[in-house]
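A.B. asks: If you scroll down you'll find the structure; I have some questions about it.
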Amino acid sequence: MNAMNVEYKNLMKNQIWDLVLYPNEHNVIGNKWIYKFKYNSIDEIEKYKARLVAKGFAQKYRIDYKETFALMAKMSIGRVILALSAAQGWKVFQIDVKSIFSQW
């Protein structure tokens with residue numbers, strides 16, 4: 001429940017959605033909660049994670065939407081950054097992003 005509350009508070013704080021009237025001519029998509037565990041080095045549960053996701057599979061192309069976009073980094077970019085950091089002697093840090101919509 002705590003993981004769900006944290007995710008919900010982040011969504012509300014960042015004003016992710018607007019409440020609008022039900023559009024009769026379009027499909028309204030639902031949502032669902034996805035739960036995951038983060039384990040530590042000795043395989044104990046370190047953290048519970050929850051994410052609210054839209055059921056986008058209910059939409060129809062050119063009826064409910066016209067284009068999609070998802071910003072993603074390719075694995076090759078990660079390898080290049082690691083190779084550059086090794087060659088230049090840079091320090092590499094790992095961060096855990098609490099919410100995809102967190103502001104820096």
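A.B. asks: Considering each residue of region 29-86, count those that are small (Gly, Ala, Ser) and under 22 Å from the mean Cα position of the chain (by Cα), and give that number.
C.D. replies: 9
A.B. asks: For the structure I just gave you, tell me whether ALA54 is of a type in the set (Gly, Ala, Ser), surrounded by 10 or more Cβ atoms within 10 Å (Cβ to Cβ) and touching a residue at least 12 places away in the same chain (Cβ under 8 Å).
C.D. replies: Yes: the conditions hold for ALA54.
A.B. asks: Hey, LYS98 hits all of (1) of a type in the set (Lys, Arg); (2) modelled with pLDDT of 90 or more; (3) part of a loop (DSSP other than H, G, I, E, B) but one; which does it fall short on?
C.D. replies: Condition not satisfied by LYS98: (2).
A.B. asks: Related question: Which condition number in (1) in a loop (DSSP other than H, G, I, E, B); (2) loosely packed, with under 10 Cβ neighbours inside 10 Å is the one that ILE63 fails?
C.D. replies: It is condition (2) that ILE63 fails.
The values are calculated or read from the model by the stated rules, or taken from the named source; none is laboratory data. For clarity, every value in this text was computed on a predicted model and none was experimentally measured. Cβ sites come from the backbone with ideal geometry, for glycine too, and all protein chains shown count toward neighbours.
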